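The values are calculated or read from the model by the stated rules, or taken from the named source; none is laboratory data. Source: prediction; values computed, not measured. Don't worry about glycine lacking a Cβ; one is built from the backbone with ideal geometry, like all the others, and counts go over all protein chains shown. Each accessible area value is taken on the protein alone, full model and side chains, heavy atoms only, with ligands, DNA and RNA left out. Shrake-Rupley method; radii C 1.70, N 1.55, O 1.52, S 1.80 Å.
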Amino acid sequence: MIEATRQFREGLPFPLDPFQEEAIAALDHGRSVLVAAPTGAGKTVVADFACHAALLDGNRVFYTTPIKALSNQKHRDLGRTHGSDNVGLLTGDRSINGSAPIVVMTTEVLRNMLFTGSEALDGVQCVILDEVHYLGDWERGGVWEEVIVQLPQRVQLAALSATVSNAEEFGDWLAQVRETCDTVITEYRPVPLRHHYWVNDRIHDMFRTGGQAGQARRRAAREARAGKPNPDVLMLERQARESRAARGQHRRGKRVPRVRMRWPDRFDVVTELSRRGWLPAIIFVFSRAGCDKAVAELVAGGVRLTDRHEAEEIATIVDTMLADIPPGDLEVLDHASFRASLQAGIAPHHAGLIPAFKEAVEVCFQRGLLKVVVATETLALGINMPARTVVIERLEKWDGARHTLLTPGQYTQLTGRAGRRGIDDIGHAIVLHQRDVEFRRVAGLVRARSHPLTSTFRPSHNLVVNLLATHTMAESEAMLEASFAQYQANQQARADRDRLIDLRRRRQELGEVTCERGDWAEYAALQVAHRREQEHVRREQERARRRDVMELFERAQPGDVWVLPWIGRRGLALVVNARINRNGIPIVDVVADDRRLTRFRASDLEDPPHHWRSVDVPPGNPRNSAVRARMARLLDDLPEAPQSVDAGATPASVDQGLLREHPCHVCPDRPAHEKLQARIDRVTSKISETEEQIRRQTGSLVRQFDARVQLLIELGYLDDVPRPTDRGRLLAGIHSDVDIVVSEALQAGAFDGLDAAELAGVVSMFVHEARSDEVVDVWIPTGRMGRALDAIEDALAAAQAGHRTRGIPALRELDASFAPAAWRWARGGSLDDALVELDLTPGDFVRIVKQVIDLLSQLAHVAPAEIATTSRQAVTQLRRGIVDL
């Protein structure tokens, strides 16, 4: 392959960086390689070489990506480099030139090839795993491990990862499981990155760089992790804090200087970046609605960043790329506003946009026509859209349960988009003032190393039957033992064993407590029994309080007036809404006498509120301030409420006679004895905890695998060998996080007699997950669909019971709220018809329909003939309009 390296190097417009030379040399000598480098460092060059070498040798290469959008982009990029005839695409819902020497695919497609022993693997010289750090993704990360462990040893692996703090550990595992694998790690960025903090009207360097200029300043920016937070910002923050405190305590007639820290508005941000020549820029906003709102605000404010020729070229690109979308759907998609914003040089980019809209944004941005893209974090995943500047509005994002601060790895991934190689001398990362995050903590995100890569791999039912179809039980268990998840567990177990040795030594050094007055061990046992009894009483009281809270919430009705001493001015709260969420937790919305609307879950309160009385609720939506004002006046007119009863009763007394009568109780050295005993107890407890932790870690995945094997034997998916039965072979073709429920429902006849549109609606129940936990009434279009959905719920309940019995983690709950939309779309309804009464963006709609198509395609291969035919028909009816672009 030395000739391949020479030709490849000669064809590049720039010299290779040292880390690229090292990685290419590994591939050149037939070894696998892990490359961990920052975004924008040039990892793709290593993948390009793997493709070049395979073509030169007359072999094949598979290029895998974590998402279909990235696969589509890589297909376009590689097609331009190597010719469209040499590049194919396989993403589950698209198949283009699958026999080409270079095939781009999602990782799931490759995993399925390995399971089935596909002939397509013949002649594959190298597999490229792009964005391999996605292995840490909770939902899909296990697929990467399945591929790495099962890939034939003759196939080289080129794994490309963002910077992670434990790249060496990941590389060691790869070398162990792939026999040979070099690890190449670099933190070098071809374009240095300067970090800034924008507060009030000024952009500050995040770290003190003195009066340096030119190359020295760029070097300081590159070494920001070693820098100190800018003292000017720290001083401003301190002055603002002192100013707030002083103004809150100032005396009448005394003037207090006011120092504020203001968040710049978006118009000022874009204007200043334009003035400085720091465009194009990506502004990250962690909300789809926030992205759309930001773009609308900028356009409405008169921001125009393109000239006439650029605007005309953008219009041509957009009109060409969206030409196949029906006019009615374009109207629903608000195409006119989208087109106008792009012509102004500003565009949104998020998962709520349909793929065609996102692709139009990407093409225009890559051609230098767009100057500002307002995006969610999904843009950070591999999409080739580098900018001169990255702006982060908020460092906190909603993770589905609460707002959390970005990790150092997430910050690095986002800011990695700043700085275009060969165009920019330096990239800029700007964090806007964070009202609730101290500046030192913001600077800490930059200095910290990226987060570690942690395996999320867990055996699924589908994995079990697929492994046992071609391997023995022992071989399957050996493959699980080879996983990164088990490797990390074993590493932790080794560390815990060292800790256990130290704990046992400490325990031996402590010895035993002896008392001249009596048997101390007996007295200590009485103390333990006494403490346990007290703890039991306390827990029973807590259970009683939680039970009282739950009962009150379950009885709550609009109009109830509760006494909550910490809320409002007088501690009065009017219940305006009461319901049970999809997890069975009661929720109430209350309006306090200070007009605030607050939501409580039963789990939020330790003690039950005092239900004082009930009143008639004023009509209107409590989200309206005027309606809340009327509700607050109603509370003001009520007399003073009685004080709520203190629910924290004193714990029941426990007989301490045996303790007092014991001779050790009156020992003058008892405090010293008790102190030593407490130390012994702590060490003994840590020894037990560590021993249990080692037990859980050792062979943990094999135990999970064995539990699923036993369940599948019981359900008839495996025989006693164990090998898959006919039922098991059906399950082997279903790739879903609720695979067992799909299979059980299918074999229970839940899909029998459904037409194509009904089947599409029913199958959507397996893929759609509601963004809200509220229980909503769902209109089911037909009686046959209703009976099918009931049968699926029964299958889910049975599967959950089986999981509980075997100690297998519970399955997620299913949601039928998308069924009417899928049914309407499959029947030929318009996009407007499909989205009616559905709180989803068009992009979400397309994504979910494609997931439904994917599962229907699986059913078409494994279901009985009649249902397989209906599944194929449903796929045809769903795959139209914006879904088929």
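Taking all protein chains as they are arranged and a probe of 1.4 Å, the heavy atoms of residue 173 leave approximately 0 Å² accessible to solvent.
Scale the Cα Rg of the range 274-418 by the rule-of-thumb value 2.2 N^0.38 Å and send over the ratio, two decimals. Could the numbers behind the result be given before it?
On the way: Rg = 15.0 Å, N = 145, 2.2 N^0.38 = 14.6 Å.
Output field value: 1.03.
Note on residue 371: accessible area approximately 30 square angstrom, rounded to 10, probe 1.4 Å, nucleic acids and ligands left out.
How big is D, in µm² s⁻¹, for the range 563-605 by Stokes-Einstein at 20 °C and 1.002 mPa s if Rh is the Kirkwood radius over C-alpha pairs?
Diffusion coefficient, whole number: 200 µm²/s.
For the chain, give me the percentage of DSSP beta bridges that are antiparallel, rounded to the nearest 5 percent. Beta bridges within the chain, antiparallel portion: roughly 40 percent. Computed across the range 515-618, the Kirkwood radius stands at 16.1 Å (inverse of mean 1/r, all Cα pairs).
Straight-line reach from residue 686: which lysines fall under 29 Å, measuring Cα to Cα and dropping same-chain residues less than 8 apart? Within reach: 675.
Computed from the C-beta positions of residue 440 and residue 570, the FRET efficiency with R₀ = 45 Å rounds to 0.65. Fully extending the segment from residue 138 to residue 509 would add 129.2 nm, taking 0.36 nm per residue of separation and subtracting the current Cα-Cα distance. Our analysis of the chain gives Rg over Rh at 0.99, with the two radii drawn from alpha carbon positions and Rh computed by the Kirkwood formula.
What separates the Cα centres of the range 128-171 and the range 467-505 is a distance of 18 Å. For the range 18-127, the alpha carbon convex hull comes to 108 Å³ per residue, rounded to a whole number. Ranked by the mean number of other Cβ atoms within 10 Å per residue, highest first, peptides 622-630, 461-469, 553-561 order as 461-469, 553-561, 622-630. All alpha carbon pair distances within the range 482-575 were sorted into 10 Å bins beginning at 0; the resulting P(r) in whole percents reads 12, 16, 16, 18, 18, 18, 2. A simple spin-label model places pseudo-atoms 7 Å from Cα toward Cβ; at residue 490 and residue 830 they are separated by 6.1 nm.
Across the range 649-762 the C-alpha pair distances fall into 10 Å bins from zero in the proportions 10, 20, 16, 13, 12, 13, 11, 4, 0 percent.
Ranked from the most accessible area to the least, with a 1.4 Å probe and all protein chains present, what is the order of 115, 14?
In descending accessible area the options line up as 14, 115.
So which of 43/371; 228/358; 293/358 end up more than 28 Å apart by C-alpha? Listed pairs above 28 Å: 228/358. Rolling a 1.4 Å probe over the protein heavy atoms of the chain, with every protein chain left in place, gives an accessible area that is 48 percent carbon and sulfur.
Measuring how big the range 595-635 is from its alpha-carbon positions, Rg and Dmax come out at 12.2, 32 Å. Per-residue extension of 0.36 nm, minus the Cα-Cα distance of residue 880 and residue 596, leaves a gain of 97.6 nm for this segment.
In terms of overall dimensions, the C-alpha atoms belonging to the range 435-548 reach 68, 55, 45 Å along their principal axes, ordered largest to smallest. Across the alpha-carbon atoms of the range 712-789, the computed radius of gyration and Dmax are 15.0, 46 angstrom. If R0 equals 25 Å, the separation of the Cβ atoms of residue 17 and residue 176 corresponds to a calculated FRET efficiency of about 0.35. Amide H to amide H distances under 5 Å link residue 59 with no residue, where only residues 5 or more positions off or on other chains count and H is placed in the peptide plane.
Helices of the chain meeting both criteria, an alpha-carbon length of 24 angstrom or more along the long axis and an average Kyte-Doolittle score not below -0.5, with helices taken as full DSSP H segments, are 783-806, 842-862.
If the chain between residue 865 and residue 624 were fully stretched, how many nm would it gain, using 0.36 nm times the residue separation less the Cα-Cα distance? Write down the numbers at each step before the final one.
Details: separation 241, 0.36 × 241 = 86.76 nm, distance 5.52 nm.
Taking 0.36 nm per residue and subtracting the Cα distance, the gain is 81.2 nm.
Considering helices alone, the calculated mean residue ellipticity of the chain at 222 nm is -15500 deg cm²/dmol, with DSSP H runs of length four and up weighted by -39500 (n - 2.57) and normalised per residue. Here the calculated FRET efficiency for residue 798 and residue 580, from their Cβ-Cβ distance with R0 = 30 Å, stands at 0.85, rounded to the nearest 0.05.
Extending 7 Å from Cα along the Cβ direction at residue 691 and again at residue 331 yields two label points whose distance is 7.5 nm. In the distance distribution for the range 799-885, Cα-Cα pairs more than 16 Å apart total 60 percent. With the simple model of a label 7 Å out from the Cα in the direction of the Cβ, residue 531 to residue 420 spans 6.6 nm.
What the Cα convex hull of the range 502-548 gives, in volume per residue, is 89 Å³.
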